[in-house]
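Asker: Dropping a structure here in structure tokens format, bear with me for questions.
The values are calculated or read from the model by the stated rules, or taken from the named source; none is laboratory data. All values derive from a computational prediction rather than experimental measurement. FYI the Cβ positions are ideal-geometry reconstructions off the backbone, even for glycines, and counts take in every protein chain you see. Surface areas here come from the heavy atoms of the whole protein model, side chains and all, with no ligands, DNA or RNA. Shrake-Rupley method; radii C 1.70, N 1.55, O 1.52, S 1.80 Å.
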Amino acid sequence: MSARNMPTVRLFWLAACGFGASLAAEEKFEPSHRLTWEEYAGTVQYWRKEHADRLTVESRGLSGGNFPVYLLRITDRAVPDEDKQVCLVTTLHCGPERSGATGALAFTEWLLSDDPLAAETRKRQIVLVMPIVNPPAFFHTDRFRNEHGVDPYTGTGPVGKIWDVKSLSLATPERAPELVAVLSVIDEYRPEVHADLHGTGLQEYGAEQLGARRMYQGQIMTEITGGAYSNYALRPWDWRVTEAMIEAGKAAGFPSDRFEADAQRTFWGPELAPLGGKLWHGAPLFYSAHYGYAKYHSMPITQEVAWEASVVARMRGLMKIGNEPWLDERAAGYPVNRVKHFVGHFITADGATAAERRDSRVELWNRQSDFALGFLYPQTDGRESFVVATTAAAKKTAAATDRAELVKNLRDALGERAAAIERFLEAGPEIKLAMNQAPAQLLAAEDTTSAPHEHGLGLRVRLPYRAPRNLEVRLNGERLAESVTDGYENWFADGFTQVQVHVPPAKAAKTELYFLTIAYLPDERRRTGWMPPAAVRERFATDKAIATPATLTDVKYGEHFRQTLDFWRADSEAPAPLVFYLHGGGWGAQDKTDIHQHLDVRALLDAGISVVSANYRFLVDANAAGVSPPLQWPLRDAARALQYVRAKAGDWNLDKTRLAASGVSAGGCSALWLAMHDDLADPSSDDPVARESTRLHFTATKAPQPSLDPAELITWIPNSEYGGHAFGYSGKTRPETFAPFLANREKHLEDLARYSPMAHASGDDPPAFLLFTKADKPPAKGETQIDPTHSAVLGLMLKERLDALGVACEARYPGDGRAGDADLTRELIATLSKP
């Protein structure tokens, strides 16, 4: 059966077993772009520059491999922060669940735009985005766990959870730097909302099935909004938030699954365990995204992302919620201010601004477990009540078994103020004060703190009428006036007349018992008694083209996670020549995937030339390990990677005698070092890789540094500034590292003899082609250059040295008077195609 006619399941199995590339091509499943660290970091820095009025960027810590965990703070700086909501967006499972992270980036891009809703959101909110929480997992391992075996999302370590839920702390925080970074943001900002984005990717691929580690266009999943299949506790407490987001997605063409609603199953519990096969499979679990809820009453939201455009649409729906008053509120913001409840009666945060309400919310949330709540029972038309006892003494007052005992306790606690409550009780039919704790519990209560309240407190009750009349609102017997700071407000919303009582900080600090009574006249007469309905209604529920995919991706040539390479195999019966590419970035940035910016890999393959692009350890890795000079690590890695490739010549059908090195900037420097250095092979080694040669057939490099000797460099180019960082000097700029390097040159003579490429130049070196693309004037030795690190003067100096040694060397640069455009790929093909 042809692949075209195979069932979909069969195609998926074949793809998972490594046949995906050819089948995907035949089925026209175009590979998706795999975001690189350099692209991510470059995008963040680009946004920071382009949107300085609305974006600040900081690193909240270092993940494995010294990757910064970025926090993007987006808000309109011209608007004071005091009355802004705070929304945190993270990607705790971003390792293999790639679309969640790319969705966060797409959302960020929208939020930074001039879209009217984005602009309004920046005025009304502080949006904190951590697009890639676990960089090593996202860019290298495609697994959920970090280098210490910790999954930031679930908080699971190598052996069980690292969370101590009772203390809300991590048992081994040093093993979870990514999670610590997120928690630090939550602790600092105490957000109203924490939205964690998940998605599709490589999570179900075994390590042996990852292949090129690329998703394909059309690789999707069933999208869900609000929560997680595995954990039904990880969702907004108000399903209307979820529905608003779902509706926003639907309006853009993206539907969402609704969990147990669409599955038509109920939740499970201990007594329902025997019915497990008939219940919803999710469970109430503590995951890391619960931290903000547990500590600050932040609303958790989880989303599964198939299309970046979908999560942008759904997050637009969420942002709109934060910009406007919620369905039954007057102040704009997310529905997060109710901290304790009892049958439709609520303790709420209080304050005139979002910041004040946040302080109140956090304080009340962390004290509310000691509060006892109640109301007069039965509830009665025209009458409402709400009782809150915040101390042991107040609970004893509320611990009455009947009305008579309650009146006596109130007289003892409130004195003359109790008279108004007595009159209210006498006018109604209620039989008792119903509390959420039994009288015995109330009587046995002990205070856990003696500290008074520092912030305001609110009480919310709802009257089930549109326009009740003659409201008489009393707190502890005293009649309240209408006031937004010390009194009450009322308005109609969500089918109720909302009554909000404001207790300012000074009054809350002195109050232990809150006995609220409300008398009113309903605006209509309603009879009770249910009549069944005539009928029952039923309820219904990525970004640019990629370069030529590698044959093998992330092939390890060492133990460090950066010691990997990609291999493109040319279609050749005879052993093929090979281009060995080393990326630039000053030995501290970029990635092997930048080969497509500088070489035409497809043209090389079409010419019968195989290609390798290698990563290597950075200077920061060497510095962290105490290696001096740190430059030796990236150079030794380049040699080791080249030897590894030669050792694979049989398996990869390579011609060991026709290997050319290429690279850009620091990568070009490394390529020249390999080319000019004596053979680094160790014939006596027990390691077969170490026995392989490092000699090259040719080099073609762009803007390389042929020398790292500071004295030599300033002789050529007086404003030279490059190289100090490679020998252990630190600073914010290149000149800051170059000056002490030059001043201490004598201390580095032995190292310069080892690691400066031209120190090894000899007559048996391979031919070299040098390409320089930046020039503001003809290159001349002894003159300053606009870009001294990548100036054509460097190439001319190398050519002068190699010419004297009889080694062929061609240097091309703008204005060199030569006919035709210079091109690395063309030169490599021309040289390696020769027999």
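Asker: Looking at the stretch 488-514 only, could you name the residues that are within 26 Å of E363 (Cβ to Cβ), of a type outside the set (A, V, I, L, M, F, W, C) and not in a loop (DSSP other than H, G, I, E, B)?
Answerer: Y488, E489, N490, Q498, Q500, H502, P505, K507, Y514
Asker: Filter the stretch 619-628 down to the residues that are of a type outside the set (V, I, T) and in a helix (DSSP H, G or I) and list them by number.
Answerer: Selection gives L619, D621, A622, N623, A624.
Asker: In the stretch 550-567, what residues are open to solvent by 20 Å² or more (accessible area, probe 1.4 Å), under 18 Å from A639 (Cβ atoms) and touching a strand residue (DSSP E or B) at 6+ places or on another chain (Cβ under 6 Å)?
Answerer: V555, K556
Asker: Kindly indicate which of A576, A570, A547, A535 is open to solvent by less than 60 Å² (accessible area, probe 1.4 Å), at pLDDT below 90 and over 18 Å from A666 (Cα atoms).
Answerer: Every option except A547 fails the conditions.
Asker: Residues that are acidic (D, E): find the helices (runs of 4 or more DSSP H) completely inside the stretch 629-716 holding 1 or more of those.
Answerer: Counting at least 1 such residues, we get 632-647, 649-652, 710-716.
Asker: While we're here: Keeping to the stretch 392-402, report how many residues are modelled with pLDDT under 95 and surrounded by fewer than 17 Cβ atoms within 10 Å (Cβ to Cβ).
Answerer: 2
Asker: Any idea how many residues of the stretch 251-274 are open to solvent by 40 Å² or more (accessible area, probe 1.4 Å) and in contact with a Phe, Trp or Tyr (Cβ under 8 Å, 6 or more places away or on another chain)?
Answerer: 5
Asker: Looking at the structure I just gave you, is D803 open to solvent by 50 Å² or more (accessible area, probe 1.4 Å) and acidic (D, E)?
Answerer: The answer is yes for D803.
Asker: Among the listed residues T485, T448, identify the single one that is loosely packed, with under 13 Cβ neighbours inside 10 Å, touching a helix residue (DSSP H, G or I) at 6+ places or on another chain (Cβ under 7 Å) and in a loop (DSSP other than H, G, I, E, B).
Answerer: Residue meeting the stated conditions: T448.
Yes/no per residue for (1) within 22 Å of Q500 (Cβ to Cβ); (2) out of contact with any strand residue (DSSP E or B) (no Cβ under 7 Å at 6 or more places or on another chain); (3) of a type in the set (K, R):
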{"position": "A354", "(1), (2), (3)": "yes, no, no"}
{"position": "E363", "(1), (2), (3)": "yes, yes, no"}
{"position": "D381", "(1), (2), (3)": "yes, yes, no"}
{"position": "T391", "(1), (2), (3)": "no, yes, no"}
{"position": "F424", "(1), (2), (3)": "yes, no, no"}
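Asker: Out of (1) modelled with pLDDT under 95; (2) within 14 Å of S670 (Cβ to Cβ); (3) open to solvent by 20 Å² or more (accessible area, probe 1.4 Å), what's the single condition that is false for W633?
Answerer: The failed condition is (1).
Asker: So which of P68, P80, P96 is at pLDDT 95 or above and closer than 22 Å to R34 by Cβ?
Answerer: P68 is the lone residue from the list that is at pLDDT 95 or above and closer than 22 Å to R34 by Cβ.
Asker: Inside the stretch 101-147, can you point out the residues that are at pLDDT 95 or above and of a type in the set (K, R)?
Answerer: R122, K123, R124
Asker: In the stretch 131-169, what residues are of a type in the set (S, T, Y) and in contact with a Leu (Cβ under 6 Å, 6 or more places away or on another chain)?
Answerer: Y153
Asker: Determine the pairs where a residue that is part of a helix (DSSP H, G or I), located within the stretch 582-598, has a partner that is of a type in the set (K, R) with Cβ atoms under 8 Å apart, the partner being 6 or more residues away or on another chain.
Answerer: Note: pairs meeting the criteria are T593/R34; H598/K702.
Asker: Now a separate question. Given the conditions (1) in a helix (DSSP H, G or I); (2) open to solvent by 50 Å² or more (accessible area, probe 1.4 Å), and given that V241 satisfies all but one, which numbered condition is not satisfied?
Answerer: The number of the failed condition is (2).
Asker: Oh, and also: Just to be sure I understand, how many residues within the stretch 601-618 are outside any loop (DSSP other than H, G, I, E, B) and open to solvent by 10 Å² or more (accessible area, probe 1.4 Å)?
Answerer: Looking only at that region, the number is 4.
Asker: May I ask you to say which residue of R745, R734 is basic (K, R) and surrounded by fewer than 16 Cβ atoms within 10 Å (Cβ to Cβ)?
Answerer: From the options R745, R734, the qualifying one is R745.
Asker: Could you please give the count of residues in the stretch 275-292 that are at pLDDT 90 or above and either surrounded by fewer than 19 Cβ atoms within 10 Å (Cβ to Cβ) or over 28 Å from Q85 (Cα atoms) (or both)?
Answerer: Looking only at that region, the number is 3.
Asker: Would it be correct to say that G103 is outside any strand (DSSP E or B) and under 17 Å from the mean Cα position of the chain (by Cα)?
Answerer: It is true that G103 is outside any strand (DSSP E or B) and under 17 Å from the mean Cα position of the chain (by Cα).
Asker: Still on this structure, please answer the following. Using beta carbons and a limit of 6 Å, which pairs, at least six apart or on different chains, have the first residue in the stretch 216-241 and more than 23 Å from L279 (Cβ to Cβ) and the second one in a strand (DSSP E or B)?
Answerer: Close Cβ pairs (under 6 Å, with a partner that is in a strand (DSSP E or B)) amount to Y216/P31; E223/E304.
Asker: Something else about it: I want to confirm something. Restricting to the stretch 341-350 and keeping residues that are within 23 Å of Y291 (Cβ to Cβ) and not in a loop (DSSP other than H, G, I, E, B), which single residue is most open to solvent (accessible area, probe 1.4 Å)?
Answerer: H341
Asker: Let me ask something else about it. Please indicate, with yes or no, whether at least one residue in the stretch 351-358 is crowded, with 17+ Cβ neighbours inside 10 Å, under 25 Å from A509 (Cβ atoms) and of a type in the set (V, I, T).
Answerer: No, every residue in the stretch 351-358 fails to be crowded, with 17+ Cβ neighbours inside 10 Å, under 25 Å from A509 (Cβ atoms) and of a type in the set (V, I, T).
Asker: Of all residues in the stretch 163-222, which are among the polar types (S, T, N, Q), within 16 Å of the chain's Cα centre (by Cα) and open to solvent by 30 Å² or more (accessible area, probe 1.4 Å)?
Answerer: S184
Asker: A further question on this structure: Return yes or no: is E721 farther than 27 Å from A660 by Cα and charged (D, E, K, R)?
Answerer: Yes: the conditions hold for E721.
Asker: Of the numbered conditions (1) within 25 Å of L202 (Cα to Cα); (2) open to solvent by 20 Å² or more (accessible area, probe 1.4 Å); (3) in contact with a Lys or Arg (Cβ under 8 Å, 6 or more places away or on another chain), E147 fails exactly one; give the number of that condition.
Answerer: (3)
Asker: Give the residues of the stretch 710-731 that are open to solvent by less than 10 Å² (accessible area, probe 1.4 Å) and at positive phi, sorted by residue number.
Answerer: Answer for the stretch 710-731, where residues must be open to solvent by less than 10 Å² (accessible area, probe 1.4 Å) and at positive phi: just G723.
Asker: Specify which of the listed residues (L406, L376, L433, L364) is within 15 Å of L516 (Cα to Cα), assigned to a helix (DSSP H, G or I) and not polar (S, T, N, Q).
Answerer: Answer to the check: L406.
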